[in-house]
Ligand SMILES: N[C@@H](CCC(=O)N[C@@H](CS)C(=O)NCC(=O)O)C(=O)O
């Protein structure tokens, strides 16, 4: 039976897992849920933190996109290039990028976009600067490499891709300021499964943003 994945398509972490599954050729049984449904007793039993994505693989339940991504590669990928298990140093660099996504980039992306889609105002200068600073860190991570953790694409690229492609909708990645990040984003958007995994979510996210005044 295909592992079940609960998602909200606008959520970058959910789109990360959809891309990881495609990258390793794994079929998932995907179910879209509403935010409110995450607080029903049945869903809270799966994930007391009431977040998506949630993966249910037989009798094993795991949430958090970073943990799910690593699990799927370890459990289902034919090779472990996306998240090497024996090269401890390579894996540590990938982990650093994943923790950066979770603890810095994603938080700054959410904080900056919050006033936009709640209609409570514009992005503050401070929040804008912090997200742009995170773009700068990514530019540094990419120096001398095509991918964020070196010469091979990893789950960190897919995780950060889902978030940067979203953040780019309201704070564009400027090519003259961040040339490597801009090239990396372009390459990511050309992955054969990018559109399939992100189009609906990015469109939903765009819909939540205010339309620019004429
Ligand atoms: N670090 C988590 C973040 C998950 C997360 O915050 N998901 C949001 C959607 S983007 C959510 O489910 N929010 C609903 C809630 O918190 O009740 C991950 O990577 O999975």
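The values are calculated or read from the model by the stated rules, or taken from the named source; none is laboratory data. Computed from a predicted structure; not experimentally measured. Note that each Cβ is placed from the backbone with ideal geometry, even for glycine, and that neighbours are counted across all protein chains shown.
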Some residue of segment 123-131 being within 26 Å of residue 43 (Cα to Cα), assigned by TED's automatic domain parsing to the domain that holds residue 176 and surrounded by 13 or more Cβ atoms within 10 Å (Cβ to Cβ): no
Residue check for residue 104: within 13 Å of the ligand (Cβ to nearest atom), free of Cβ contacts under 8 Å to residues at least 40 places away in the same chain and touching a helix residue (DSSP H, G or I) at 6+ places or on another chain (Cβ under 7 Å): yes
Condition met for residue 210 (in contact (Cβ under 8 Å) with a residue 24 or more places away in the chain and farther than 24 Å from residue 98 by Cβ): yes
Flag if residue 147 is on the phi < 0 side of the Ramachandran plot and in contact with a strand residue (DSSP E or B) (Cβ under 7 Å, 6 or more places away or on another chain): no
Out of 181, 169, sole residue that is assigned to a loop (DSSP other than H, G, I, E, B) and closer than 22 Å to residue 102 by Cβ: 169
Search result, residues across segment 23-48 that are surrounded by fewer than 12 Cβ atoms within 10 Å (Cβ to Cβ) and touching a helix residue (DSSP H, G or I) at 6+ places or on another chain (Cβ under 9 Å): 25, 27
